[in-house]
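Undergrad: Okay, handing you the structure first.
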Amino acid sequence: MTQPIRSILATDCGSTTTKAILIELTDEGYRLKVRGEAPTTVEKPFDDVTVGVINAVTEVSELAGRPLVGEDGRIIVPQQGDAGVDLYLSTSSAGGGLQMLVAGVVRTMTAESAERAALGAGAIVMDVICSNDKRQPHEQIARIRHLRPDMILLSGGVDGGTTSHVAELAELIGAADPKPRLGSGYELPVVFAGNVDARGAVREALQDKTALSIVDNLRPTLDHEHLDPARDQIHDLFMEHVMAQAPGYDKLKSWTSAPVMPTPGAVGAIIQTVAKQRDISVIGVDIGGATTDVFSVFPSAETGEPVFNRTVSANLGMSYSISNVMASAGIENVLRWVPFDIDESELRNRIKNKMVRPTTIPSLIRDLQVEQALAREALRLSLIQHKDFATELKGKRRARDISEAFAQSGSGDTIVDMMALDLVVGSGGVLSHAPRRVQAALMLVDSFEPMGVTKLAVDSIFMMPQLGVLASIHEEAATQVFERDCLVPLGTCIAPVGTTKGGRPLATVTLELPDGRREITIGAGDLELVRLPTGQSVRCRIEPSKGVDVGHGPGVAFETEVEGGEAGILLDGRGRPIRIPSVAKERVAAIEQWIRNLDLYPRESR
């Protein structure tokens, strides 16, 4: 377009709800105008995703006071006078999103690189098949047939390396002859991103049985990952094969100004954009009813280049998967966050009631406190899984034969450095819709345990997917709306790490507040809140005690700017990992003190 883009409409077709936002160019730049939503309509009686899209857009049209849908039932693009928009974009996770099977030669090398590529493209990885996963070939074939994925990503071998093991994997997939989950009228897409010397063998095994596409090797050498070609091909095939089978997606695809993206892939795109523009390390988390997604951008210890990772904890969620959170964390770990004495059997009953009634929301403060205790454990476990996955490349630096690589076990060092973390962004109902923003801030701090000085924020109305697909074609508009309308700053957490002797404080913090200078000591076990409104930043001097680190090394004092927010400045002296008394009476007393210090819940509920 030769003229500036005046208006942008973006929708996110979720599994249950379709959300629409209208962005307009104003004197202040691009801003969110209005939003609307409607039930998603991929199932009977409608069998057409565009019905839900038009319903959501119609609500936006009514709120904005101008027509967006033409008489032909299509969204008006480009804008004509006051009618329509210049860009229409969409993301989708309807129909369960993109479900993939990944295959690679070595689990901790090429297969892990392939898993990173699939997850980064917005897929749910159902299983990883590899030559050294200890399953017999007939078991692997049965597993592939049973899963019925939307797509398979096959990797294996550095360029010029082994071809026999890659050929065996291709033959396994060919023997399984898997049928796609959606529809039987098309061939299953298979992406091969492995050793260039194995392409002939892969074609021979899969060309006639699948919709095979070949891209550059995602692990061309032991020291290098090249994931973009595989990710881009997954995006293209998602639209061409997978979404084309869902009712109404052909019509939706013809409306949009850019390809439809999987919702998680779009969220990852905006996280990467923010990290790049601010030159910071970021962790983003989306905690849903069935799954919890964690996104991160941290510099590689080897190259210093930013590395993006995404993981999906498929059975850690706040409604359908809430009982699995309890089972995975253990009842003791859930109980340690509950600020009142409760019998284990009663706690289990409360959790199971939520599982069988997944759409209910807490009606009592105690129900809310139990739900937030479970959220802390779901977030904590999801981050542990993410750290295990977000590692430096395996198999580097020295030559080895394939038998050595097969024997390799364990992960490399994680690149997720909580002391170097600059920003945590939370999303999902339990965080975005917490009755008080300080509750969301404390849930993020308790579960992720950031160290040093870390900013906290939440997504106000879960518009990150729409902004992610917008970032792919109009980065400026996406980041402006993200900063001004999407991101709700919660404040800053200052968390000293280390111990002192003789009851000495962990650190002394001096804040140049608008009403004057304030000096605060952080003692072991302390949790305090200093109110500082959104939009205000103050100068801060932090003086840690000997052996205590707040980001610049043990005992090193420094000055920095800290930002306020809906919660304020959180001073956390509870240690890392956070120390909570194991005796029930002492635990309740400690948590009640933290609640009072932060004014976490209404006073009449205490």
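Laboratory data are not the source of any read-out in this text; all were calculated from the coordinates shown. Everything numeric in this text was worked out from a predicted model, so none of it was measured. Neighbour counts are summed over all protein chains in view; Cβ atoms, including those assigned to glycine, are modelled from backbone coordinates with ideal geometry.
Undergrad: Before anything else, pin down the relative contact order of the chain: Cα pairs under 8 Å, at least 6 apart, normalised by residue count, whole percent.
TA: Result for the chain is 11 percent.
Undergrad: From the P(r) of segment 215-307, can you give the percent of Cα pairs sitting at distances over 15 Å?
TA: 71
Undergrad: State which helices in the chain qualify, where a helix is a whole DSSP H run, it must extend 20 Å or more along its own axis by its Cα atoms, and its mean Kyte-Doolittle hydropathy must be at least 0.0.
TA: For the chain, where a helix must reach 20 Å along its axis and average at least 0.0, the hits are 49-64, 263-278.
Undergrad: Still on this structure: After finding the eigenvalues of the alpha carbon gyration tensor for segment 127-177, what semi-axes result from the square roots of 5 times each, listed largest first in whole Å?
TA: Values for segment 127-177, descending: 19, 12, 10 Å.
Undergrad: Distance check, please: which entries in 251/354; 19/354; 253/387 exceed 29 angstrom between their Cα atoms?
TA: Cα-Cα > 29 Å for 251/354; 253/387; rest within.
Undergrad: Counting other C-beta atoms within 10 Å, which of 556, 481, 469 has the fewest, and how do the rest follow?
TA: With the fewest neighbours first, 556, 481, 469 line up as 556, 481, 469.
Undergrad: Where the centroid of each part is defined by its Cα atoms, how far is segment 538-555 from segment 513-537 in Å?
TA: 15
Undergrad: Sticking with this one: In whole angstrom, and with the biggest value first, how far do the Cα coordinates of the chain range along each principal axis?
TA: 73, 67, 52
Undergrad: How many nm is it between the label spots at residue 280 and residue 327, if each spot is 7 Å from the Cα in line with the beta carbon?
TA: 3.9
Undergrad: Sticking with this structure for a sec: Quick one: Debye curve from the C-alpha atoms of segment 97-259, no solvent, what's log10 I(q)/I(0) at q = 0.10, 0.14, 0.15, 0.18 Å⁻¹?
TA: Each listed q corresponds, in turn, to -0.32, -0.63, -0.73, -1.04.
Undergrad: Would you mind computing, in nm to one decimal, how far apart the modelled labels at residue 17 and residue 353 are, each placed 7 Å from Cα along Cα→Cβ?
TA: 2.3
Undergrad: Separate question: Using Cα pairs closer than 8 Å and at least 6 residues apart in sequence, work out the relative contact order for segment 7-94, in percent.
TA: 32
Undergrad: Now for a different question. Dipole magnitude of the chain about its Cα centre, charges +1 at Lys/Arg Cβ and -1 at Asp/Glu Cβ only, in debye to the nearest 20?
TA: Rounded to the nearest 20 debye, it is 1480 debye.
Undergrad: Let me ask something additional. Give me the net charge of residue 211's neighbourhood, meaning all other residues with Cβ under 10 Å from the Cβ of residue 211; Lys, Arg count +1, Asp, Glu -1.
TA: That works out to -1.
Undergrad: Among 337, 594, which comes first, second and so on when ranked by fewest other beta-carbon atoms within 10 Å?
TA: Sorted ascending by nearby Cβ count, the order is 594, 337.
Undergrad: Mind ranking 118-124, 357-363 by how tightly packed they are, going by the mean number of other C-beta atoms within 10 angstrom, highest first?
TA: Descending packing order for the listed peptides: 118-124, 357-363.
Undergrad: Among 13-22, 527-536, how do they line up from the highest to the lowest mean number of other beta-carbon atoms within 10 Å?
TA: My ranking of the peptides, most packed first, is 13-22, 527-536.
Undergrad: Take the Cα pairs of segment 7-94, get the Kirkwood Rh, then feed it into Stokes-Einstein at 25 °C and 0.890 mPa s and tell me D in µm²/s.
TA: Taking Rh from Cα pairs, D becomes 189 µm²/s.
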